[in-house]
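Below is one structure, written out as structure tokens, with a few remarks after it.
All of the numbers you see were taken from the coordinates with simple rules; none came from a lab. None of these values were measured; they are calculated from a predicted model. Cβ: placed from backbone, ideal geometry, glycine included. Neighbour counts: every protein chain shown.
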Amino acid sequence: MSHFSIFSLARNALTGHKNWEKMWRSPDPKKEYDVVIIGGGGHGLGAAYYLAKDHGITNVAVVEKGWLGGGNTGRNTMTVRSNFLREDSVPFHELSIDLYHQLSKDLNYNLMVSKRGMITFIQSSAVNRIAMQMANTMHIYGAEYRMLSLPEIKQRVPIFSPSENMRLPILGGVYQPRASMVRHDAVAWGFARGADSRGVDIIQNCEVSGIRRESGAVTGVETNRGFIKAKKVGMAVAGHGSVVANMAGLRLPIVTQPLQAWVSEPIKPVLNEIVVIRSYYGTYLMQSDKGEIVIGQGCDPYASYAQRGTFSIIEDATNAMLEVFPSFSRLKLLRHWAGMLDMPFDGSPIISKTDVDGFYVDVAGSGGFKTTPAAAKTFAHLIARNESHPLTENLGLSRFQNGRLVQEGGVSANR
Amino acid sequence: MLLIPCPWCGQRNEDEFMCGGESARVRPDDPASTTDAQWSDYLYNSTNHKGVVREWWWHVNGCTKWFVIDRDTVTHAIQPASEEIS
């Protein structure tokens with residue numbers, strides 16, 4: 001792997017950009033691996049990267065049915081934050097922010113981290129109470145989360161001009177300065193390049209059709225490129241968790257639901273922070289580095305694998321945005337997409353062993369993109385050592401049997 | 001936007017309904033002899049099938065009837081199913 005730097009850029013510019021190396025190989029699958037990861041998105045590629053980097057396990061394959069980062073890694077809104085309610089959630093998401101902020105350097109790959117900060121508007125005393133509870137939990141783990149008065153919001157967001165007739169007037173806000181935006185494709189590509197250079201085989205267009213088991217333990221995966229033997233198999237798929245787990249004879253406590261986002265034409269910079277309106281529905285907007293206004297809300301309220309969503313969410317969230325930013329009514333919408341969330345019953349991620357020995361699952365839950373590096377690091381720990389990382393001890397499947405759920409109010413869910 | 005066939009009101013906009021999840025879920029008959037794993041499976045796990053799923057819907061902002069439809073979770077095609085309770 002050649003090192004990216006100002007000198008490599010200059011050298012390649014002078015030679016007409018004809019000599020850039022491929023960022024990763026495209027090898028044929030070997031007959032056998034120590035670990036096979038199913039899913040070549042941020043989580044799967046990241047897990048392979050950390051298996052090699054932290055645990056020295058390099059006889060690893062990542063199998064991906066489509067192209068790298070073509071699932072939910074390409075269908076999110078690039079936001080990274082840690083404003084959560086529970087003591088199991090906050091340190092996990094904090095680790096993710098920490099890793100994101102140093103990964104560009106570690107991977108020698110620019111993830112275009114943009115430290116914008118996030119303001120959540122407070123529009124009722126109930127939301128105020130939850131915000132203060134969140135702030136207290138977060139302060140315990142060293143995460144900054146502070147209240148903003150209306151004049152402070154106006155100062156930070158000059159375009160903020162809420163209608164006087166709002167049904168729930170904005171009373172103030174709560175602010176997480178470390179919330180960031182990260183270039184989503186770069187996360188997949190950076191991890192892929194880092195993993196490949198450490199010897200991991202990344203195999204695209206390789207769809208898993210079965211998981212072979214013998215006396216309760218996994219022995220490998222059936223794919224459209226033949227059987228691949230494996231001592232351990234990690235599942236890091238987005239939106240198809242139940243489908244793949246079913247191949248191993250397992251049922252998971254998840255429902256697959258679409259999470260939509262839509263994007264305006266690009267305009268000049270008007271909005272620095274990520275803004276959350278009506279936090280109980282999770283309506284949010286931000287301006288991307290390209291200048292588009294990105295808008296989204298909680299997930300659709302029923303199961304779907306369709307990668308598209310219901311129009312009422314778009315109408316509802318856009319109306320909510322226009323109450324606070326009336327000038328955006330002139331914007332034209334350009335694109336729309338839906339990612340598919342594997343939404344666990346309590347909204348929190350599942351990083352766990354299963355009843356099948358050697359088969360591990362990483363179900364991202366509501367916030368797959370924001371947790372990518374933390375989930376990848378802790379999932380690699382679980383696969384390598386067959387025991388949970390300390391941060392994810394309470395995020396396993398056992399919580400659905402012992403009743404210790406990690407119920408999150410701060411997830412992108414209408415529940 | 002889905003049009004949901006309510007057996008009482010006919011085809012109505014999905015915004016009037018709430019989805020009640022898979023209808024195949026059956027509460028264990030004898031709680032005393034049910035293991036934690038069986039309870040957990042009943043309470044939390046779902047088939048989450050990719051394809052046609054039989055599920056409960058509730059016409060909450062209409063006639064308040066509960067009924068069952070077959071819905072394809074990939075194409076969103078809907079067929080009414082026969083089971084219902086009032």
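Sequence gap at least 6, Cα distance under 8 Å: using those rules, report the relative contact order of the stretch A:220-279 to the nearest whole percent.
That works out to 16 percent.
Just want the answer: with Cβ charges of +1 for Lys and Arg and -1 for Asp and Glu, which residue in A:170, A:190, A:215 is farthest toward the dipole's positive end in the stretch A:146-221?
With unit charges placed on the Cβ atoms, the residue in question is A:170.
Test of understanding: ordering A:32, A:408, A:94 by Cβ neighbours within 10 Å, fewest first, what list do you get?
So the residues, fewest neighbours to most, are A:32, A:94, A:408.
Under a GNM of chain A (C-alpha, springs under 10 Å), which listed residue has the highest mean-square fluctuation: A:61, A:47, A:230?
In the Gaussian network model the winner is A:230.
Rank these for me by crowding, A:391, A:252, going from fewest to most other beta carbons within 10 Å.
Fewest-to-most ranking of A:391, A:252: A:391, A:252.
Over the stretch A:42-139, what is the mean sequence separation of C-alpha contacts under 8 Å (at least six apart), divided by residue count, expressed as relative contact order in percent?
25 percent
What's the center-to-center distance, using Cα atoms, between the stretch A:204-246 and the stretch A:32-97 in Å?
One Cα centre to the other: 17 Å.
HN-Hα J couplings of the stretch A:102-114 from phi, Karplus 6.51/-1.76/1.60, θ = phi - 60°, integer Hz, Gly and Pro as x?
10, 5, 3, 6, 4, 8, 6, 8, 6, 8, 6, 6, 10
What are the residues whose amide H is under 5 Å from the amide H of residue A:206, where those residues sit 5 or more places off or on another chain and H is modelled from the backbone?
A:64, A:65, A:66
Order these by the 10 Å Cβ neighbour count, fewest first: A:300, A:106, B:41.
A:106, B:41, A:300
Among the listed pairs A:105/A:232; A:115/A:353; A:268/A:377; A:53/B:50; A:18/A:377; A:53/A:229, which are separated by more than 28 Å between their Cα atoms?
A:105/A:232; A:115/A:353; A:268/A:377; A:53/B:50; A:18/A:377
Once you place label points 7 Å from the Cα toward the Cβ at residue A:355 and residue A:205, how far apart are they in nm?
3.8 nm
If I build a Gaussian network model for chain A, linking alpha-carbon pairs within less than 10 angstrom, which residue out of A:159, A:351, A:38 has the largest mean-square fluctuation?
Ranking A:159, A:351, A:38 by mean-square fluctuation puts A:159 first.
If you average the alpha carbon positions of the stretch B:37-72 and of the stretch A:329-404, how far apart do those two centres end up, in angstrom?
Going from one Cα centre to the other spans 24 Å.
Would you mind telling me which residue in A:23, A:321, A:181 has the biggest mean-square fluctuation in a Gaussian network model of chain A, where springs connect alpha carbons within a distance under 10 angstrom?
A:23
Can you give the relative contact order of chain A as a percent, counting alpha carbon pairs under 8 Å and 6+ residues apart?
Averaging sequence separation for qualifying contacts and normalising by length gives 23 percent for chain A.
How long are the semi-axes of the ellipsoid equivalent to the stretch A:280-368, from square roots of 5 times the Cα gyration tensor eigenvalues, in whole Å, largest first?
33, 14, 12
How much of the DSSP bridge set in chain A is antiparallel, in percent, rounded to the nearest 5?
70 percent
About its Cα centre, how strong a charge dipole does chain B have in debye, to the nearest 20, once Lys and Arg get +1 and Asp and Glu get -1 at the Cβ?
180 debye
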